[in-house]
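Have a look at the structure below before the remarks.
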Amino acid sequence: MKPYIDKVIYIKTPLDVCFARQILRDYTNKDGEQIRDWVKTYLNFARPIFVNHDKYISSDADLVIDGLLPLDKKVGLILNEFKLDNLF
């Protein structure tokens with residue numbers, strides 16, 4: 001797919017923050033057992049996939065942005081990346 005993609009921008013958010021956000025988003029109304037089941041699945045299966053994905057994507061990205069930045073800062077960095085491309 002690389003020949004068809006002009007720019008790769010990766011918003012890199014620490015996995016612990018992603019995990020916490022998902023628990024808050026998807027498990028607020030779940031019982032403790034459901035939360036524990038997901039935590040076990042995350043630790044045993046999902047996290048290693050996410051770690052590898054992060055290494056693979058970030059190594060080829062044209063721009064890596066800190067996912068903890070406020071939205072307006074992330075948008076500004078992305079817009080700046082595209083403005084710089086238009087200069088050449």
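Assorted remarks:
- Partners of Lys40 within straight-line reach, counting aspartates and glutamates whose Cα lies under 20 Å from its Cα and excluding those fewer than 8 residues away in the same chain: Asp16, Asp26, Asp31.
- Largest to smallest in accessible area, the residues Arg25, Arg47, Arg36 fall in the order Arg25, Arg36, Arg47 (1.4 Å probe, all protein chains included).
- The structure shown yields semi-axes √(5λ) of the Cα gyration tensor in Å, and of the options (i) 29, 14, 11; (ii) 50, 20, 7; (iii) 33, 16, 9 that calculated value carries the label (iii).
- Accessible area in square angstrom per residue, the chain, 1.4 angstrom probe: 80
- Note on the chain: with neighbouring protein chains present and a 1.4 Å probe, carbon and sulfur make up 60 percent of its accessible heavy-atom surface.
- Only aspartates and glutamates eight or more places from Lys7 in sequence, or on another chain, were considered; those with a Cα closer than 12 Å are Asp60, Asp62, Glu81, Asp85.
- Cross-link reach list, lysines versus Lys12, counting only Cα pairs under 22 Å and skipping chain neighbours closer than eight places: Lys2, Lys55, Lys73, Lys74, Lys83
The values are calculated or read from the model by the stated rules, or taken from the named source; none is laboratory data. All values derive from a computational prediction rather than experimental measurement. Note: areas computed on protein heavy atoms with side chains; ligands, DNA, RNA excluded. Shrake-Rupley method; radii C 1.70, N 1.55, O 1.52, S 1.80 Å.
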